[in-house]
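The values are calculated or read from the model by the stated rules, or taken from the named source; none is laboratory data. All figures in this text were calculated on a predicted structure; none of them were measured in a lab. Every residue, glycine as well, gets a Cβ built from its backbone with ideal geometry; the counts of neighbours run over all protein chains shown. Just the protein is used for accessible areas: all its heavy atoms, side chains included, with ligands, DNA and RNA removed. Shrake-Rupley method; radii C 1.70, N 1.55, O 1.52, S 1.80 Å.
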Protein chains: 2
Amino acid sequence: MSTPLPPFPKGPEPATQPVLLELTSGPEGPQLRADAARNRARLLEAATRLVEERGVANVTMEAVAAAASVGKGTVFRRFGDRTGLLMALLDHTERQFQAAFFQGPPPLGPGASPADRLHAFGCGALRQTCDRLDLYIAAEPDASRRFNSAPYRVRFTHVAMLLREAVPAADGELLAQTLMGYLEPALILHLTRQRGMTVERLESGWHDLVERSTCPVPFRA
Amino acid sequence: MSTPLPPFPKGPEPATQPVLLELTSGPEGPQLRADAARNRARLLEAATRLVEERGVANVTMEAVAAAASVGKGTVFRRFGDRTGLLMALLDHTERQFQAAFFQGPPPLGPGASPADRLHAFGCGALRQTCDRLDLYIAAEPDASRRFNSAPYRVRFTHVAMLLREAVPAADGELLAQTLMGYLEPALILHLTRQRGMTVERLESGWHDLVERSTCPVPFRA
């Protein structure tokens, strides 16, 4: 029944460096690796431009190859398939966000209280997800892998660490999953596009949720 | 950007009858409808038995036809495809749960305080989902329809109504989505099978979440 997984870190944040999705690896020499990295960066820039101009639904491997002036085979070799390409785009976006919450200025980065960092984290995540909502939805893993994807686990581990500092007596892992659930792209899609809510209302809801979650002694109404 | 949707009820619960997924309809006369209903019930019983014996992954339209001693065409005519069959099985399960929280005995049904009903609702939903986890996962709608499926909306409306009674000052819709997120089958799959948590731990987390959510005046840690 159980699939073994590496344990989630229990103690303080183990490293200040972002834990990154690394999709390119292999026994390449330094020159080849440098060429491959340049190639990859160019393809990702072209794909990002295409997403902005035409929307995720219209981004194909062929269109990315044409926009970057390379052969289609190069795009397939680099990303495997369209999902691989979308995940790499998400990785690119997530790296910037990870850098901001791991080592950027407070209150999102270190130097503010755990509660203040949580408040800032959710607002940053909401804005980031709203800005690239179609991309997050298109790259959503299926139910059995949704909570194990690298970007999810990096965010989750950060939120769980802040909650353990803010409310040591609570079940930090479950509370962190609850907070992460509020930031799920599928829910943000529903609330903004199907229910017509503003990002400001979602931010207010996040602040309320963080205050409830970091309340040291919950009591019955 | 916005897809128009019927509004969620804002006031008190509009009806005591469960709002049910109705998958069978058509211009059939009383006798034909009675035959069709019997046929449908027999197929669902056979499918339920197969799910229990072989697991959802091994339930095919052919296997259900064989187990119910009918032709394969009958199963296809009745449910359209395998997803339709799985949704009908979920509908069957959800009806029982809906009946319990709409009109069953307290604290799940009417007669207890809104907070006590919320406590009972989550425990009921967790047990129900754990008992048929593979079925809930197999029948999960994609991201753009996940929050609009009939069973989700029935549960959501109920939770939102109880929260509005318990904490009128809060943003009941957003808080209800947060509580519903804790009960998502994909999360329950992750926590129980991939993280090895017991249902008892999930229930404790639910009680903590309900206490935090119904806390009248949240304050900063």
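Quick notes on this structure:
- Chain A residue nearest the axis that carries A onto B, by Cβ, with distance in whole Å, is A:G181, 2.
- Compared with the rule-of-thumb size 2.2 N^0.38 Å for a compact globular protein, the stretch A:28-80 has a Cα radius of gyration ratio of 1.15.
- When the stretch A:28-80 is described by a simple charge dipole with +1 on each Lys and Arg Cβ and -1 on each Asp and Glu Cβ, the residue from A:A68, A:A34, A:G55 located farthest towards its positive end is A:A34.
- When the Cα positions of A:A120, A:G109, A:S149 are compared along the charge dipole of the stretch A:81-214, A:S149 comes out farthest toward the positive end, with charges on each C-beta of Lys, Arg, Asp and Glu.
- Projected label points at B:T60 and B:S144, each 7 Å from Cα along the beta carbon direction, are separated by 3.1 nanometres.
- Whole-Hz couplings from phi, Karplus 6.51/-1.76/1.60, listed for the stretch A:45-53; x for Gly and Pro: 4, 4, 5, 4, 4, 5, 4, 5, 7
- Treating each Cα of the stretch A:106-181 as an identical point scatterer and summing with the Debye formula, the log10 of I(q)/I(0) at q = 0.11, 0.13, 0.21, 0.22 Å⁻¹ comes to -0.30, -0.42, -1.00, -1.06.
- Label distances, nm, B:D81 versus same residue in remaining copies, Cβ-directed 7 Å point: 1.7
- The interface between chain A and chain B buries about 4700 Å² of solvent-accessible area in total (1.4 Å probe, ligands and nucleic acids excluded).
- Using a probe radius of 1.4 angstrom, the carbon and sulfur fraction of the accessible surface of the stretch A:28-80 is 52%.
- Compactness of the stretch A:42-117 was expressed as the Cα radius of gyration divided by 2.2 N^0.38 Å, which yields 1.43.
- Shown for A:G55: label points 7 Å from Cα along the beta-carbon vector, and their distances to the equivalent points in the other copies, 3.9 nm in ascending order.
- Cβ-vector label at 7 Å, A:D35, separations to other copies in nm: 7.2
- Measuring how big the stretch B:82-214 is from its alpha-carbon positions, Rg and Dmax come out at 14.3, 44 Å.
- Surface per residue (accessible, 1.4 Å probe) for the stretch B:82-214, Å²: 32 Å²
- Accessible solvent surface per residue of the stretch A:28-80, calculated while the other protein chains remain in place, 1.4 angstrom probe, Å²: 58 Å²
- Test item: Cα-centred dipole of the stretch B:114-221, Lys/Arg +1 and Asp/Glu -1 on Cβ, debye: 120 debye
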